[in-house]
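Notes follow the structure.
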Amino acid sequence: MSTTAGPQASPQPSSSPPPSPAGPLPADRTRAPRKWWIAPLAGALVALPVQLVAAFLLLMSPMALDSCSAADPCGRTEAAIGATLVLLLLALLSLGVPWYLARRRSLGVGIGVSLIPLGLTLASIGTLLLGIGWG
């Protein structure tokens, strides 16, 4: 009986990264904080109805321009309607920001950033009402 003596695989030690001078990284850094979704959800539930009111006011605001003529231009009202439209679009786009930041950052950041859409919406309503002359 002959056995062939082939090359035998010798187990090599696995190379591990050298230890960090600051110590090992905590594993909790990659996990989202507990209940991270509450602040963005509350912010969206408050901001969406207010945005609907702002959109309704924006759609009704061209009636404020009915009395405009060449003798009495309504430039301030037109500018306010344009600014309101921009602010309302920014508020709609900013609804996604709290979801992203609250998932990746701390709960305090999520709560703070959740107020951005509501603030932009209230600013759009205020701009519109000031431009129409109700403020």
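What to note about this one:
- Of all residues making up the stretch 89-135, the number that are out of contact with any Pro (no Cβ under 8 Å at 6 or more places or on another chain) and of a type in the set (Gly, Ala, Ser): 10
- When Met1 is tested against (1) modelled with pLDDT of 60 or more; (2) over 26 Å from Arg105 (Cα atoms), only condition (1) is not met.
- Leading residue by the ranking (nearest to Val53 (Cα to Cα)) among those in the stretch 79-113 that are at pLDDT 85 or above and among the polar types (S, T, N, Q): Thr84
Residue by residue, here is whether (1) among the hydrophobic types (A, V, I, L, M, F, W, C); (2) in contact with a His (Cβ under 6 Å, 6 or more places away or on another chain); (3) under 29 Å from Trp37 (Cα atoms) holds:
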residue: Arg76; (1), (2), (3): no, no, no
residue: Gly82; (1), (2), (3): no, no, no
residue: Val113; (1), (2), (3): yes, no, yes
residue: Ser124; (1), (2), (3): no, no, yes
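- Filter result for Pro49 (in contact with a Gly (Cβ under 6 Å, 6 or more places away or on another chain), in a helix (DSSP H, G or I) and free of Cβ contacts under 8 Å to residues at least 60 places away in the same chain): no
- Wholly within the stretch 58-135, helices (runs of 4 or more DSSP H) carrying at least 3 residues that are in contact (Cβ under 8 Å) with a residue 12 or more places away in the chain and surrounded by fewer than 19 Cβ atoms within 10 Å (Cβ to Cβ): 75-93, 97-104, 115-132
- Conditions (1) in a loop (DSSP other than H, G, I, E, B); (2) at pLDDT 90 or above; number of the one not met by Arg34: (2)
The values are calculated or read from the model by the stated rules, or taken from the named source; none is laboratory data. Small disclaimer: the values here were computed from a predicted structure and weren't measured. Here the Cβ is made from the backbone with ideal geometry for all residues, glycine too, and neighbour counts use every protein chain on show.
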